[in-house]
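Data block below; observations after.
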Amino acid sequence: MKKVLSLSLFIIFGCTRCHIGYIARNAYEQARLLKSAELIADVLQKPDFNETYKQKLHLVQQAKAFAEDRLLLKKTKNYTTYVELHRPYVTYIVSASPKNELKYYTWYFPIVGSVPYKGYFNENGALEEAHDLDEKDYDTYVRGVTAYSTLGWFKDPILSSMMGYSDYDLVNTIIHETVHTTVYIKSNANFNERLATYLGDLGARLFFTEKVTDAKELLKTAQEEDHDQKIFSEFISKKIKDLEDWYKTNQKNPNLEKERQENLVQITQDFAQNILPQLKTKKYHSFAQAKLNNAKLLGFKLYMNDLSDFEKLNEKLGGDFSKILAYCKSLEKEDDPEKALKDYVHSQR
């Protein structure tokens with residue numbers, strides 16, 4: 001989906017439509033995680049701390065300063081601390097969809113509104129939630145997450161689960177998550193995630209172009225990954241639209257389940273035959289073997305669905321990151337920011 005498995009996971013303690021046990025468990029785990037955080041400045045002084053990790057943490061400090069001072073993203077105390085997790089993922093998320101249409105199953109939280117996923121610090125909790133939804137005949141998808149943002153409600157640390165990222169992906173993630181802290185439009189997860197994906201990519205390219213003297217090979221790899229992301233985004237966006245249309249005309253089809261499974265398999269076969277040969281990296285190769293369902297497809301839609309309007313916005317504003325950011329922030333009171341963006345980039349003004 002993204003270059004990095006990261007997610008904005010909202011741990012909000014005033015949830016009005018969530019089981020109290022869920023709130024209590026996540027509150028406890030969030031507090032325990034924050035309590036274990038150490039200042040990065042102190043970690044860097046430890047003589048026995050992993051040297052590769054030290055280099056990554058220095059890069060984090062540079063990326064945070066660049067995001068705030070050069071890109072004018074919100075200044076916070078995020079990413080000034082480090083947490084050793086002793087596990088590969090910090091959280092696990094559940095997403096779901098009806099089997100007869102491509103529609104997000106959503107959970108409601110105050111402040112952020114409706115979101116198409118629910119996070120657990122414990123994998124068993126996520127699997128239990130998915131099992132309950134399976135029993136109600138939903139498609140479900142559970143995956144581990146290596147980074148998340150609390151949108152400034154807490155001081156987000158750097159996690160040991162992020163230390164396996166490439167330098168480019170680490171910088172990309174810092175910028176991506178800081179975009180979420182800077183701009184967040186309630187109940188518009190699609191827009192928020194695609195905005196952060198686009199600006200994360202743009203900001204990371206600017207960082208390595210302006211701040212790293214010997215980044216030619218890294219930028220070449222990033223350019224190839226961007227090439228592949230564009231091709232995959234166009235492919236998956238079209239497939240999702242085609243499947244949405246198919247569901248609309250087949251609601252009374254007695255063979256709907258059998259034929260939809262055939263359609264899902266056909267998507268991966270079309271990818272393997274027509275898209276895979278065009279790719280320059282191995283970033284999306286695993287999609288050829290993916291076992292798709294509606295929930296998993298909607299995960300791709302959340303992050304990858306058609307970034308072309310953001311590309312047009314970039315062109316319209318002369319590639320100026322701060323102007324792109326300011327315009328998107330101006331959409332915070334819009335009921336439909338995606339429509340407002342589309343209208344703007346296609347207007348003559």
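Tell me yes or no: at least one residue of the range 294-306 is over 17 Å from the mean Cα position of the chain (by Cα) and either without any contact (Cβ under 8 Å) to a residue 60 or more places away in the chain or under 27 Å from LYS118 (Cα atoms) (or both). Scanning the range 294-306 turns up at least one residue that is over 17 Å from the mean Cα position of the chain (by Cα) and either without any contact (Cβ under 8 Å) to a residue 60 or more places away in the chain or under 27 Å from LYS118 (Cα atoms) (or both). Can you confirm whether the range 212-219 contains a residue that is over 21 Å from ILE40 (Cβ atoms) and β-branched (Val, Ile, Thr)? So far as the range 212-219 goes, yes, one or more of its residues are over 21 Å from ILE40 (Cβ atoms) and β-branched (Val, Ile, Thr).
Within the range 237-263, being hydrophobic (A, V, I, L, M, F, W, C) and within 11 Å of LEU102 (Cβ to Cβ) holds for ILE240, LEU243, TRP246. Exactly one residue out of LEU127, LEU151 is of a type in the set (A, V, I, L, M, F, W, C) and in a loop (DSSP other than H, G, I, E, B): that is LEU151. Is at least one residue of the range 258-275 in contact with a Lys or Arg (Cβ under 7 Å, 6 or more places away or on another chain), in a helix (DSSP H, G or I) and over 30 Å from ASP343 (Cβ atoms)? For the range 258-275, residues in contact with a Lys or Arg (Cβ under 7 Å, 6 or more places away or on another chain), in a helix (DSSP H, G or I) and over 30 Å from ASP343 (Cβ atoms): present. Inspection of the range 103-120 finds no residue satisfying the criterion of being at pLDDT 90 or above, more than 21 Å from ALA189 (Cα to Cα) and part of a loop (DSSP other than H, G, I, E, B).
Regarding LEU218, is this residue in a helix (DSSP H, G or I), closer than 17 Å to ASN172 by Cα and in contact (Cβ under 8 Å) with a residue 24 or more places away in the chain? Criteria met by LEU218.
Scanning the range 52-63 for residues that are under 21 Å from the mean Cα position of the chain (by Cα) and β-branched (Val, Ile, Thr) gives a single hit, VAL60. Across the range 64-95, the qualifying residues are those that are over 27 Å from PRO116 (Cα atoms) and small (Gly, Ala, Ser), and the one among them that is farthest from the chain's Cα centre (by Cα) is ALA65.
Consider the range 66-95 and keep the residues that are part of a helix (DSSP H, G or I) and of a type in the set (Asp, Glu). The one that is farthest from THR181 (Cα to Cα) is ASP69. Among the residues of this structure, TYR104 counts as one that is in contact with a Ser or Thr (Cβ under 7 Å, 6 or more places away or on another chain), closer than 30 Å to ASN263 by Cβ and surrounded by 20 or more Cβ atoms within 10 Å (Cβ to Cβ).
Would you be able to say whether some residue in the range 17-34 is at pLDDT 95 or above and touching a strand residue (DSSP E or B) at 6+ places or on another chain (Cβ under 9 Å)? Within the range 17-34, none of the residues are at pLDDT 95 or above and touching a strand residue (DSSP E or B) at 6+ places or on another chain (Cβ under 9 Å).
Residue-by-condition table, conditions (1) touching a strand residue (DSSP E or B) at 6+ places or on another chain (Cβ under 9 Å); (2) surrounded by fewer than 18 Cβ atoms within 10 Å (Cβ to Cβ); (3) part of a loop (DSSP other than H, G, I, E, B); (4) at negative phi:
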residue: LYS301; (1), (2), (3), (4): no, no, no, yes
residue: GLU311; (1), (2), (3), (4): no, yes, no, yes
residue: ASN314; (1), (2), (3), (4): no, no, no, yes
residue: GLY319; (1), (2), (3), (4): no, yes, yes, no
residue: LEU325; (1), (2), (3), (4): no, no, no, yes
residue: LEU331; (1), (2), (3), (4): no, no, yes, yes
residue: LEU341; (1), (2), (3), (4): no, no, no, yes
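Screening THR178, THR140 for residues that are among the β-branched types (Val, Ile, Thr) and assigned to a helix (DSSP H, G or I) leaves exactly one candidate, THR178.
Residues that are over 27 Å from LEU218 (Cα atoms) and either of a type in the set (D, E, K, R) or surrounded by 15 or more Cβ atoms within 10 Å (Cβ to Cβ) (or both) occur in the range 270-281; there is at least one.
When the criteria are applied in full, PHE271 fails the requirement of being within 30 Å of THR181 (Cβ to Cβ) and aromatic (Phe, Trp, Tyr). For beta carbons closer than 7 Å, sequence separation of 6+ or different chains, a first residue in the range 327-349 that is among the β-branched types (Val, Ile, Thr) and a second that is surrounded by 12 or more Cβ atoms within 10 Å (Cβ to Cβ), the qualifying pairs are VAL345/ASP309; VAL345/LYS312; VAL345/LEU313; VAL345/LYS316. Only one of the listed residues (THR209, THR213, THR197, THR249) is closer than 22 Å to LYS280 by Cβ and over 23 Å from the mean Cα position of the chain (by Cα). That residue is THR209.
The values are calculated or read from the model by the stated rules, or taken from the named source; none is laboratory data. Note that the coordinates shown come from a computational prediction; the quantities given were computed from them, not determined experimentally. For neighbour counting, all protein chains shown are included, and Cβ atoms are generated from backbone atoms with ideal geometry for every residue, glycine included.
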